[in-house]
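Trainee: Sharing a structure with you now.
The values are calculated or read from the model by the stated rules, or taken from the named source; none is laboratory data. Keep in mind that this is a model prediction, so the values were computed, not measured. Backbone-built Cβ (ideal geometry, glycine too); neighbour counts: all protein chains shown.
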Amino acid sequence: MANQVSEDLRKTPLHGLHESLGAKLVPFAGYEMPVQFEGVKPEHLWTREHAGLFDVSHMGPCFLTLREGVSEDPAAHDKIAAMVEELVPSAIATLKPGQARLTVLLNEDGGIRDDLIITRLPDEHQNGRLYIVVNGAVKDQDWAHFEQKLAGRAVVQRADDRVLMALQGPKAVDVLKDEFAGCEDLSFMRCMLAAWGGAECLISRCGYTGEDGFEILIPAAAGEELAAKLLKDERVKPIGLGARDSLRLEAGLCLYGHDMDTSRNPVEVDLQWVIQKSRRERADFPGAEVVLEALSNGPKEKRVGIRPLERAPAREGTEIHVNGEAVGVVTSGGFGPSVDGPVAMGYVRADLAEPGTPVELMVRGKPRAGEVAALPFVEHNYKR
Amino acid sequence: MTQHFTQQVTFYTEDHEWVTVHGDLATVGITRYAAEQLGDVVFVETPEVGKTFKKGDEMAVVESVKAASDVYAPLSGEVIDTNGELADAPEKVNDHPETEGWFCVIKFSDGAETKGLMDKDAYYEFCKGQ
């Protein structure tokens with residue numbers, strides 16, 4: 001239980017704040033990050049009831065810009081969108097100013113290199129530039145991929161020297177509108193530009209908890225000030241990575257490297273909805289053949305919710321059996337504080353993916369009763 | 001040879017278990033320090049009665065919201081009783097880790113093994129160094 005952390009780890013601009021708040025720090029995605037403050041369960045429940053502040057500066061925010069720069073001409077958006085559409089299966093060209101979309105970065109065989117959120121900047125003078133947030137653990141390879149595939153055509157500007165924080169929970173909007181007037185009018189997956197203490201910020205109505213909330217990209221020094229100020233509000237508490245994981249698991253949201261990776265295509269992951277009709281028809285994205293085949297004939301395995309019916313959690317790696325035969329594996333699992341019981345997700349043979357299908361979960365060699373469950377475990381509370 | 005303890009004595013391990021010996025029986029649980037480190041305990045897998053363990057064997061598992069952690073046998077011996085109440089009330093491990101949150105009772109086979117364990121003061125110092 002020693003709490004030793006290697007000196008090679010990077011620190012976010014909010015590291016000092018975490019230490020002053022008594023966070024328990026752990027290595028995560030190459031950073032020293034807070035896993036908990038008060039405790040996973042109280043932090044989780046607080047976020048569902050009030051507002052939780054998460055430091056997600058370890059993630060990979062960046063800007064992808066046409067080599068010739070931005071333009072007032074909307075054709076510049078079409079041009080950068082067409083380039084990104086070479087790498088992802090979602091429609092980027094049809095994004096309206098300030099609109100964001102979840103998508104996946106695909107390999108030539110349809111395997112998922114990462115999941116990411118791509119936003120068309122709200123400023124109509126900045127056509128030709130996209131705001132993209134990739135996962136922290138793979139950001140360097142993602143950016144290298146962009147640079148290689150779009151060499152000479154677009155430029156990647158990493159923004160991970162800034163603070164990226166998320167304010168999540170039903171009270172997030174009431175807290176944040178005092179700092180960023182107008183953010184209350186954003187709907188889910190919409191973004192606005194704002195200034196705070198002279199610093200330029202991007203405010204996006206999205207998150208990773210299933211709750212209403214925002215992600216804020218802000219320069220480091222201003223970000224430290226903003227985080228400290230938000231935490232003075234009695235509705236806001238700091239939340240660690242532990243509760244971030246249990247919140248997203250209850251919300252049925254995937255964690256890259258666990259619930260999906262290069263061995264899985266978007267159809268198996270149940271993310272076929274990120275592939276808009278126009279892209280299916282054009283079939284011009286990496287791995288289109290594999291992905292479209294899985295779409296028409298159905299995948300061999302499918303990601304599903306798993307509900308252990310006893311109290312023992314079924315963690316990542318737990319084998320899923322039906323009638324003594326291995327039919328799948330748990331990829332994320334633990335205890336859901338809002339569900340007040342164990343929850344998991346994983347892959348099962350496609351013919352067993354129907355909610356209610358009884359399964360056995362092999363926890364430490366012992367079969368424990370469980371069933372396939374509909375996701376999410378806790379209803380989403382997004383501002384539509 | 002079995003060493004009998006005529007008075008009840010509590011020892012502690014470096015894995016943060018407590019073990020209270022009396023006669024040739026030892027009651028085992030995890031310490032308050034361990035319970036606090038784990039956070040909210042949601043499940044305890046206690047060993048089966050009749051099973052024998054060598055000192056240091058994985059004997060039980062305690063699952064918190066965060067993770068599953070092994071609990072090791074602090075002494076060699078046979079499990080003669082387990083705390084059945086933990087099945088429905090695992091939070092006892094957080095609320096009363098060193099009393100009602102006990103895991104099991106071992107009939108130990110070698111009292112000399114207690115020589116490798118810490119007393120309360122030594123354990124307190126040990127935790128300060130963690």
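Trainee: Can you tell which of A:Glu72, A:Glu68, A:Glu86, A:Glu49 is in contact with a helix residue (DSSP H, G or I) (Cβ under 6 Å, 6 or more places away or on another chain) and either within 14 Å of chain B (Cβ to nearest Cβ) or at negative phi (or both)?
Mentor: Values: A:Glu68 fails: in contact with a helix residue (DSSP H, G or I) (Cβ under 6 Å, 6 or more places away or on another chain); A:Glu86 fails: in contact with a helix residue (DSSP H, G or I) (Cβ under 6 Å, 6 or more places away or on another chain); A:Glu49 fails: in contact with a helix residue (DSSP H, G or I) (Cβ under 6 Å, 6 or more places away or on another chain).
Result of the check over A:Glu72, A:Glu68, A:Glu86, A:Glu49: A:Glu72.
Trainee: Using the structure shown, decide if A:Asp78 is of a type in the set (Asp, Glu), at pLDDT 95 or above and surrounded by fewer than 17 Cβ atoms within 10 Å (Cβ to Cβ). Outline the logic, then answer.
Mentor: Numbers: of a type in the set (Asp, Glu): yes; at pLDDT 95 or above: yes; surrounded by fewer than 17 Cβ atoms within 10 Å (Cβ to Cβ): yes.
Against the criterion (of a type in the set (Asp, Glu), at pLDDT 95 or above and surrounded by fewer than 17 Cβ atoms within 10 Å (Cβ to Cβ)), A:Asp78 qualifies.
Trainee: Hey, can you tell me all the residues within region A:303-346 that are within 14 Å of chain B (Cβ to nearest Cβ), surrounded by 19 or more Cβ atoms within 10 Å (Cβ to Cβ), closer than 16 Å to A:Glu371 by Cβ and touching a helix residue (DSSP H, G or I) at 6+ places or on another chain (Cβ under 9 Å)?
Mentor: Correct list: A:Gly333, A:Gly336, A:Val343, A:Ala344.
Trainee: Consider A:Ala93 carefully, then state whether it is small (Gly, Ala, Ser), free of Cβ contacts under 8 Å to residues at least 60 places away in the same chain and not in a loop (DSSP other than H, G, I, E, B).
Mentor: Numbers: small (Gly, Ala, Ser): yes; free of Cβ contacts under 8 Å to residues at least 60 places away in the same chain: yes; not in a loop (DSSP other than H, G, I, E, B): no.
Here the answer is no, as A:Ala93 does not meet what is asked.
Trainee: A follow-up question, please. Taking region A:29-46, which residues are at the interface with chain B (Cβ under 10 Å from one of its Cβ atoms) and either closer than 24 Å to A:Pro219 by Cβ or basic (Lys, Arg) (or both)?
Mentor: A:Lys41
Trainee: State the number of residues belonging to region B:1-52 that are surrounded by fewer than 20 Cβ atoms within 10 Å (Cβ to Cβ), in a strand (DSSP E or B) and among the small types (Gly, Ala, Ser).
Mentor: Total meeting the criteria: 1.
Trainee: Taking the conditions exactly as written (of a type in the set (Asp, Glu), in contact with a helix residue (DSSP H, G or I) (Cβ under 8 Å, 6 or more places away or on another chain) and in contact (Cβ under 8 Å) with a residue 24 or more places away in the chain), does A:Asp142 satisfy them or not? Break it down into steps so the answer makes sense when it comes.
Mentor: On the way: of a type in the set (Asp, Glu): yes; in contact with a helix residue (DSSP H, G or I) (Cβ under 8 Å, 6 or more places away or on another chain): no; in contact (Cβ under 8 Å) with a residue 24 or more places away in the chain: yes.
When the stated conditions are applied, A:Asp142 does not pass them.
Trainee: If a residue has to be crowded, with 21+ Cβ neighbours inside 10 Å and either touching a His at 6+ places or on another chain (Cβ under 7 Å) or touching a residue at least 60 places away in the same chain (Cβ under 8 Å) (or both) to count, how many in region A:254-268 make the cut?
Mentor: Matching residues across region A:254-268 total 7.
Trainee: Something else now. So which residues in region A:244-282 are hydrophobic (A, V, I, L, M, F, W, C) and away from every other protein chain (no Cβ under 14 Å)?
Mentor: Residues satisfying the conditions are A:Ala251, A:Leu253, A:Cys254, A:Leu255, A:Met260, A:Val267, A:Val269, A:Leu271, A:Trp273, A:Val274, A:Ile275.
Trainee: For region B:53-114, list the strands (runs of 3 or more DSSP E) that sit wholly inside it and hold at least 1 residues that are within 14 Å of another protein chain (Cβ to nearest Cβ) and closer than 23 Å to A:Leu45 by Cβ; which are they?
Mentor: Once the strands (runs of 3 or more DSSP E) in region B:53-114 are filtered for at least 1 residues that are within 14 Å of another protein chain (Cβ to nearest Cβ) and closer than 23 Å to A:Leu45 by Cβ, what remains is B:58-64, B:68-72.
Trainee: Give region A:274-294 a look and list any residue that's exposed (fewer than 14 other Cβ atoms within 10 Å of the Cβ) and not hydroxyl-bearing (Ser, Thr, Tyr), or say none.
Mentor: Listed by number, the residues that qualify are A:Lys277, A:Glu281, A:Arg282, A:Ala283, A:Asp284, A:Glu289.
Trainee: Which residue, of A:Val378, A:Val330, is under 25 Å from the mean Cα position of the chain (by Cα), among the aliphatic types (A, V, I, L, M) and over 12 Å from A:Ile306 (Cα atoms)? Walk me through it before giving the result.
Mentor: Details: A:Val330 fails: over 12 Å from A:Ile306 (Cα atoms).
Result: A:Val378 is the single residue among A:Val378, A:Val330 that is under 25 Å from the mean Cα position of the chain (by Cα), among the aliphatic types (A, V, I, L, M) and over 12 Å from A:Ile306 (Cα atoms).
Trainee: If you take the residues in region A:229-243 that are away from every other protein chain (no Cβ under 14 Å) and in a helix (DSSP H, G or I), which one is surrounded by the most Cβ atoms within 10 Å (Cβ to Cβ)?
Mentor: A:Leu230
Trainee: A follow-up question, please. Tally time: how many residues in region A:96-108 are under 20 Å from A:Cys206 (Cβ atoms) and not in a strand (DSSP E or B)?
Mentor: 3
Trainee: Applying the selection to region A:363-374, what residues are surrounded by fewer than 19 Cβ atoms within 10 Å (Cβ to Cβ) and either free of Cβ contacts under 8 Å to residues at least 60 places away in the same chain or part of a loop (DSSP other than H, G, I, E, B) (or both)? Can you show your working first?
Mentor: The first filter runs over region A:363-374 and keeps only residues surrounded by fewer than 19 Cβ atoms within 10 Å (Cβ to Cβ), leaving A:364-367, A:369, A:371, A:374.
Scanning region A:363-374 gives A:Arg364, A:Gly365, A:Lys366, A:Pro367, A:Ala374.
Trainee: Also, quick follow-up: Is it the case that B:Val49 is more than 13 Å from chain A (Cβ to nearest Cβ) and farther than 20 Å from B:Thr13 by Cβ?
Mentor: Working: more than 13 Å from chain A (Cβ to nearest Cβ): yes; farther than 20 Å from B:Thr13 by Cβ: yes.
The answer is yes for B:Val49.
Trainee: Kindly establish whether A:Asn297 is of a type outside the set (Gly, Ala, Ser) and surrounded by fewer than 23 Cβ atoms within 10 Å (Cβ to Cβ).
Mentor: On the way: of a type outside the set (Gly, Ala, Ser): yes; surrounded by fewer than 23 Cβ atoms within 10 Å (Cβ to Cβ): yes.
Considered against the rule, which asks whether it is of a type outside the set (Gly, Ala, Ser) and surrounded by fewer than 23 Cβ atoms within 10 Å (Cβ to Cβ), A:Asn297 comes out as yes.
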